[in-house]
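Asks: Following this message is one structure expressed as C-alpha cells.
The values are calculated or read from the model by the stated rules, or taken from the named source; none is laboratory data. It should be emphasised that the depicted structure is a prediction, and the values quoted were computed from it without experimental measurement. Reconstructed Cβ throughout: ideal geometry from the backbone, glycine too, with neighbour counts over all protein chains shown.
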Amino acid sequence: MAGNWKMYKTPAETTRFFETFRSLVANSEHCEIVICPPFTNLAAAIEAAKGTNIRVGAQNIGWAKEGAFTGEISGPMIHAVGATHAIIGHSERRQYFAETDETVLKRTQAALEFGLTPIVCVGERLEQRESGSTEAVLTEQFQKGIAGLTEQQFARIVIAYEPVWAIGTGKTATPEIAADAHRAIRAQVRSKFGKDAADAVRILYGGSVKPDNVKSLMAQPEIDGSLVGGASLDAVSFASIVNF
C-alpha cells in the first residue's frame, strides 16, 4: 500500500503526519507500506519512519548516476538519503513532463541499478478507454517501458495500473474494470517473463482510492495493493486504507 503525496507538504508537515500515522499502522503486518513524499521531504520522512514498518520512496528518479542534468535527482542520491522505492512513469509525469515509455525503461533500470524498488506506472486516458483501446495502450506501455528488463530485473519491480481518467477526478474504475486491466497486464507479463513471474508480480491499483472503496477494490484477486494519491495526505485516511 503506497502513498503518493505529489507536490504537497513541507518537511515540518511531513514530520507531523508521521507522528499520527506511525501508531495507526504499527501492527499492520499484512502488507508493505510505502510513503512517497516530494524530494525535499525525503530526509524528514526517513527520520520519522525510523524503527517502524513504513518505507519511504521518491516520486521520480533520474536515469543517470550523475552529470549535467539540471533538476534531476539520481538513484545514488535517493539511496543515500535512505529511501527504498521510486515511482516511475506516473501519468502526471507522462502528461506534463514528456515522460515516454522509453524514458520509463531507462529510469526503471537506473532504480534497479542503485538498489531501489521501482513502482512502474501504466494506464490509459479517458479517450483511449472510450475508444476501446485500453488493452492496446497497456500492451504498448508494457512492451516499450517494461519488457526491456531482464527476468532478474523484472522480479524486483512493482507495477501500478492507473487509469488516467480516474486520477484526481473522483471517478474510480469499478473493481471489475480495474481487475480486467490487471488481468491484461498480467497476461503481458506471462507472455514475456513466464507464469511464475506473472503470479509473483504485484500490480497495484491507483485512481481515486479512498477509505470507502478500498475494500471492494482489494476484494479482487487480481489487485495486489493500492497506489493512493490524495487520500494518502491525511494520516487517518491513509491508515484506514492500509488497514482495509
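Asks: Which residue pairs have Cβ atoms under 7 Å apart, sit 6 or more places apart or on different chains, and have a first residue in the stretch 204-217 that is under 21 Å from ILE87 (Cα atoms) and without any contact (Cβ under 8 Å) to a residue 60 or more places away in the chain and a second that is assigned to a strand (DSSP E or B) and among the hydrophobic types (A, V, I, L, M, F, W, C)?
Replies: Close Cβ pairs satisfying both conditions: VAL209/VAL228.
Asks: Going by the structure shown, is ILE73 part of a loop (DSSP other than H, G, I, E, B), of a type in the set (Val, Ile, Thr), in contact (Cβ under 8 Å) with a residue 12 or more places away in the chain and over 23 Å from GLY225 (Cβ atoms)?
Replies: Numbers: part of a loop (DSSP other than H, G, I, E, B): yes; of a type in the set (Val, Ile, Thr): yes; in contact (Cβ under 8 Å) with a residue 12 or more places away in the chain: yes; over 23 Å from GLY225 (Cβ atoms): yes.
It is true that ILE73 is part of a loop (DSSP other than H, G, I, E, B), of a type in the set (Val, Ile, Thr), in contact (Cβ under 8 Å) with a residue 12 or more places away in the chain and over 23 Å from GLY225 (Cβ atoms).
Asks: Another question, then. Can you tell me which of GLY71, GLY82, GLY89 is closer than 30 Å to LEU138 by Cβ and either surrounded by 14 or more Cβ atoms within 10 Å (Cβ to Cβ) or among the hydroxyl-bearing types (Ser, Thr, Tyr) (or both)? Please lay out each step first, then the result.
Replies: Values: GLY71 fails: either surrounded by 14 or more Cβ atoms within 10 Å (Cβ to Cβ) or among the hydroxyl-bearing types (Ser, Thr, Tyr) (or both); GLY82 fails: closer than 30 Å to LEU138 by Cβ.
Sole residue among the options that is closer than 30 Å to LEU138 by Cβ and either surrounded by 14 or more Cβ atoms within 10 Å (Cβ to Cβ) or among the hydroxyl-bearing types (Ser, Thr, Tyr) (or both): GLY89.
Asks: When the residues of the stretch 138-166 are filtered to those that are surrounded by fewer than 21 Cβ atoms within 10 Å (Cβ to Cβ) and among the aliphatic types (A, V, I, L, M), which remaining residue is nearest to GLY229 (Cα to Cα)?
Replies: The residue in question is ILE157.
Asks: Quickly run through the stretch 212-244 and pick out the residues that are assigned to a helix (DSSP H, G or I) and small (Gly, Ala, Ser). Write out each step before concluding.
Replies: Of the stretch 212-244, the ones assigned to a helix (DSSP H, G or I) are 214-218, 230-232, 235-242.
Residues satisfying the conditions are SER216, GLY230, ALA231, SER232, ALA235, SER237, ALA239, SER240.
Asks: Taking the stretch 193-244 as the search range and keeping residues that are more than 22 Å from GLU13 (Cα to Cα) and basic (Lys, Arg), which one is surrounded by the fewest Cβ atoms within 10 Å (Cβ to Cβ)?
Replies: Among residues in the stretch 193-244 that are more than 22 Å from GLU13 (Cα to Cα) and basic (Lys, Arg), the one surrounded by the fewest Cβ atoms within 10 Å (Cβ to Cβ) is LYS195.
Asks: When the residues of the stretch 173-187 are filtered to those that are surrounded by fewer than 22 Cβ atoms within 10 Å (Cβ to Cβ) and touching a helix residue (DSSP H, G or I) at 6+ places or on another chain (Cβ under 7 Å), which remaining residue is farthest from GLU140 (Cα to Cα)?
Replies: Result: PRO175.
Asks: Suppose the filter is at pLDDT 95 or above and under 24 Å from GLU19 (Cβ atoms); does ALA219 pass it? I'd like the intermediate steps shown before the answer.
Replies: Numbers: at pLDDT 95 or above: yes; under 24 Å from GLU19 (Cβ atoms): no.
For ALA219, the condition - at pLDDT 95 or above and under 24 Å from GLU19 (Cβ atoms) - is not met.
Asks: State whether one or more residues within the stretch 77-89 are at pLDDT 95 or above, farther than 27 Å from GLU47 by Cβ and either assigned to a helix (DSSP H, G or I) or within 16 Å of the chain's Cα centre (by Cα) (or both). Steps first, please.
Replies: Taking the stretch 77-89 as the starting set, the residues that turn out to be at pLDDT 95 or above are 77-89.
Next, from what is left, pick out any that are farther than 27 Å from GLU47 by Cβ: 89.
Right, trim to either assigned to a helix (DSSP H, G or I) or within 16 Å of the chain's Cα centre (by Cα) (or both) and you get 89.
Among the residues of the stretch 77-89, at least one is at pLDDT 95 or above, farther than 27 Å from GLU47 by Cβ and either assigned to a helix (DSSP H, G or I) or within 16 Å of the chain's Cα centre (by Cα) (or both), which makes the answer yes.
Asks: Can you tell me which condition GLU29 does not meet? The list is (1) modelled with pLDDT of 95 or more; (2) part of a loop (DSSP other than H, G, I, E, B); (3) over 17 Å from the mean Cα position of the chain (by Cα), and all the others hold.
Replies: For GLU29, the exception is condition (1).
Asks: Inside the stretch 121-140, can you point out the residues that are touching a Lys or Arg at 6+ places or on another chain (Cβ under 9 Å) and within 18 Å of ARG156 (Cα to Cα)?
Replies: Result: CYS121, single match.
Asks: Further question: In the stretch 120-147, how many are touching a residue at least 24 places away in the same chain (Cβ under 8 Å), small (Gly, Ala, Ser) and assigned to a loop (DSSP other than H, G, I, E, B)?
Replies: Final tally of qualifying residues: 2.
Asks: Which of the residues belonging to the stretch 96-137 are under 15 Å from TRP63 (Cβ atoms), loosely packed, with under 15 Cβ neighbours inside 10 Å and among the aliphatic types (A, V, I, L, M)?
Replies: Result: ALA98, single match.
Asks: Which pairs do you get when a residue that is farther than 21 Å from VAL209 by Cα and of a type outside the set (S, T, N, Q), found in the stretch 4-33, comes within reach of a residue that is surrounded by 18 or more Cβ atoms within 10 Å (Cβ to Cβ) and at pLDDT 95 or above, reach meaning Cβ atoms under 7 angstrom, with the pair 6+ apart or on two chains?
Replies: From the stretch 4-33, the pairs are PRO11/ASN41; PRO11/ALA44.
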